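Down below is the structure, laid out as structure tokens.
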Amino acid sequence: MAKLPQILACVLVVLGFALTSSASIYTVGDTSGWDTSTDLNSWSSDKKFNVGDVLWFQYSSSNSVCQVTKESFDACNTAKVIETYTGGNTTVTLTKPGDWYFVSGNKLYCLGGMKLMAEVENNQDYAPIGAPEAATGSDLPNPSSKGNIPTSDAFIHAGPNAFVLAIFGLLLPCYIWM
């Protein structure tokens with residue numbers, strides 16, 4: 001019974017590390033996706049993006065996502081872009097702090113509000129070791145309509161593997177200590 005406080009302390013330390021060391025994946029627009037019917041300003045208003053977080057854009061294969069400068073964002077300039085993403089499923093890892101700007105590749109859609117500004121904070125706890133590449137190719141399905149976009153609660157934390165490794169890595173010294 002005397003070891004119970006030590007065990008509880010170790011478990012709390014493990015949980016603390018596991019719950020604070022993962023970046024988030026945000027499905028842009030939640031269940032509506034990257035679409036003209038989505039109010040992207042409202043969607044992003046309560047989000048806190050950090051370095052290492054991932055934006056997951058889901059859209060019809062006839063649309064695209066363009067990363068742009070602030071000037072191109074304000075003017076919906078789809079000719080002067082930093083990067084263009086196509087194919088229906090795109091992930092963008094937020095690798096540095098500052099404002100990130102995205103617009104639809106269709107200028108009319110952009111003028112209708114299909115654009116996103118993400119304010120990214122410099123939180124070193126979330127800095128990626130190796131940022132994943134944008135998803136392209138045949139390994140992801142191309143959505144044909146909004147109906148096939150998976151539902152989401154806005155973000156997903158790292159999978160169970162990170163949690164299990166954290167438990168083993170932190171409980172082993174606790175076991176040796178007792």
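Specify whether the C-alpha gyration tensor of region 58-123 places it in the rounded, prolate or oblate class, a ≥ b ≥ c being the square roots of the eigenvalues: rounded for a/c under 1.5, otherwise prolate if a/b is larger than b/c and oblate if not. Judged from the Cα gyration tensor, region 58-123 comes out oblate (a/c at least 1.5, b/c at or above a/b).
Looking at region 18-82, none of the chymotrypsin sites (Phe, Trp or Tyr not before Pro) sits in a DSSP loop with at most 15 other Cβ atoms within 10 Å of its own Cβ. Sorting the segments 90-96, 106-112 by their residues' average number of neighbouring beta-carbon atoms within 10 angstrom, most packed first, yields 90-96, 106-112. In the context of the full set of protein chains, residues of region 37-127 present 48 Å² of accessible surface per residue (probe radius 1.4 Å, heavy atoms only). Amide H to amide H, with H built 1.01 Å from N, residue 68 comes under 5 Å of 82, 101, 102, 103, counting only residues 5 or more places away or on other chains. Ligands, DNA and RNA left out, the accessible area of region 46-89 computed with a 1.4 Å probe is 47% carbon and sulfur.
The values are calculated or read from the model by the stated rules, or taken from the named source; none is laboratory data. Note that this is a predicted model, so its numbers are computed, not measured. Counting neighbours? That spans all protein chains shown, and the Cβs are built from the backbone with ideal geometry, glycine included. The accessibility values were calculated without ligands, DNA or RNA, using every heavy atom of the protein model including side chains. Shrake-Rupley method; radii C 1.70, N 1.55, O 1.52, S 1.80 Å.
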